[in-house]
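J.: I am attaching a structure below and will ask some questions about it afterwards.
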Amino acid sequence: MVIGILAAEALLAFCTLAFELAMARLIAPHAGMSTDTWTAIIAAFLVAWALGTFVGGRMAEGISVARVLCRAAIAAVVGAVLAAIVPSLLNAWDQMVLDPAPLEVWRVVLFAGLPPLPVGFCFGLAAPLLLTAMVRLTKGSGVAIGLVNAMGAAGSVLGALTMLWLLLDVWGTRGAVLSIAALAGATAVLLLGMAWRLRGQEGQEEAA
């Protein structure tokens, strides 16, 4: 169970940073790749992540570990769906925001910053839920908590390197985004499987 949580943390961190980099490539044909667009994407992700982690922490209170993992799975699958549909929405978003005045900085920032928000929020939701599950399963072990954070950092680094040196070259930007969404969906399945197993164990303990 502990290994599964660590794997889920690494996979979602992988998806988060990989999608953040993919957003820059998706935005570039519309608004260019500039300091303004990069700043908007990074700032939007950080704001969404911060809000997601706060809400996720509240969602983890007062429920069983099985339900914590189930909620993390839901956050992962919703994030996967949102990530998958972002590329198909950018042309319409371009017409709404950039077409009237494509060189206005506030329009460029809005165009680049808004699309990543929902995905960053959903992936941010999962992080405190996974950490809470780990704390409860390991009785608050400092080593286990450190491992969760380490796996998150390792997953982020691997996601960045894989996106830049493999996925974009092999599948292109849209294909890379779909692969990220698929990986997040697979992570949700992993979490649901662990939640189902824990629920069965909890039911057996109650019956005994």
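J.: Considering only the range 19-37, I want to know if a residue exists there that is of a type outside the set (A, V, I, L, M, F, W, C), more than 21 Å from Gly120 (Cβ to Cβ) and either out of contact with any His (no Cβ under 9 Å at 6 or more places or on another chain) or open to solvent by less than 30 Å² (accessible area, probe 1.4 Å) (or both). Please lay out each step first, then the result.
T.: Our first condition is that a residue be of a type outside the set (A, V, I, L, M, F, W, C); within the range 19-37, this holds for 20, 25, 29-30, 32, 34-37.
Filter again for more than 21 Å from Gly120 (Cβ to Cβ), leaving 29, 32.
With either out of contact with any His (no Cβ under 9 Å at 6 or more places or on another chain) or open to solvent by less than 30 Å² (accessible area, probe 1.4 Å) (or both) added as a condition, the list becomes 29, 32.
For the range 19-37, residues of a type outside the set (A, V, I, L, M, F, W, C), more than 21 Å from Gly120 (Cβ to Cβ) and either out of contact with any His (no Cβ under 9 Å at 6 or more places or on another chain) or open to solvent by less than 30 Å² (accessible area, probe 1.4 Å) (or both): present.
A quick yes/no check of all residues on (1) within 19 Å of the chain's Cα centre (by Cα); (2) small (Gly, Ala, Ser); (3) within 23 Å of Trp49 (Cβ to Cβ); (4) open to solvent by 20 Å² or more (accessible area, probe 1.4 Å):
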position	(1), (2), (3), (4)
Asn149	yes, no, yes, yes
Leu161	yes, no, yes, yes
Gly175	yes, yes, no, yes
Ser179	yes, yes, yes, yes
Thr187	yes, no, yes, no
Leu191	yes, no, yes, no
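J.: Inspect all residues belonging to the range 49-70 and state whether any of them is within 15 Å of Ala112 (Cβ to Cβ) and surrounded by fewer than 18 Cβ atoms within 10 Å (Cβ to Cβ). Quick ask: steps written out before the conclusion?
T.: Filtering the range 49-70 for residues within 15 Å of Ala112 (Cβ to Cβ) gives none.
Scanning the range 49-70, I find no residue that is within 15 Å of Ala112 (Cβ to Cβ) and surrounded by fewer than 18 Cβ atoms within 10 Å (Cβ to Cβ), so the answer is no.
J.: May I pose another question? Can we say Leu191 is touching a residue at least 24 places away in the same chain (Cβ under 8 Å), of a type in the set (A, V, I, L, M) and within 19 Å of Met23 (Cβ to Cβ)?
T.: Answer is no for this residue.
J.: To continue, here is another question. What residue, among those in the range 78-95 that are in contact (Cβ under 8 Å) with a residue 60 or more places away in the chain and of a type in the set (A, V, I, L, M), is surrounded by the fewest Cβ atoms within 10 Å (Cβ to Cβ)?
T.: Val81
J.: Considering (1) over 17 Å from Ala28 (Cβ atoms); (2) modelled with pLDDT under 95, say which one Arg174 fails and leave the rest.
T.: (1)
The values are calculated or read from the model by the stated rules, or taken from the named source; none is laboratory data. On a predicted model such as this, the values are computed, not experimentally measured, just so you know. Don't worry about glycine lacking a Cβ; one is built from the backbone with ideal geometry, like all the others, and counts go over all protein chains shown. All accessible areas refer to the heavy atoms of the entire protein, side chains included, with ligands and DNA or RNA removed. Shrake-Rupley method; radii C 1.70, N 1.55, O 1.52, S 1.80 Å.
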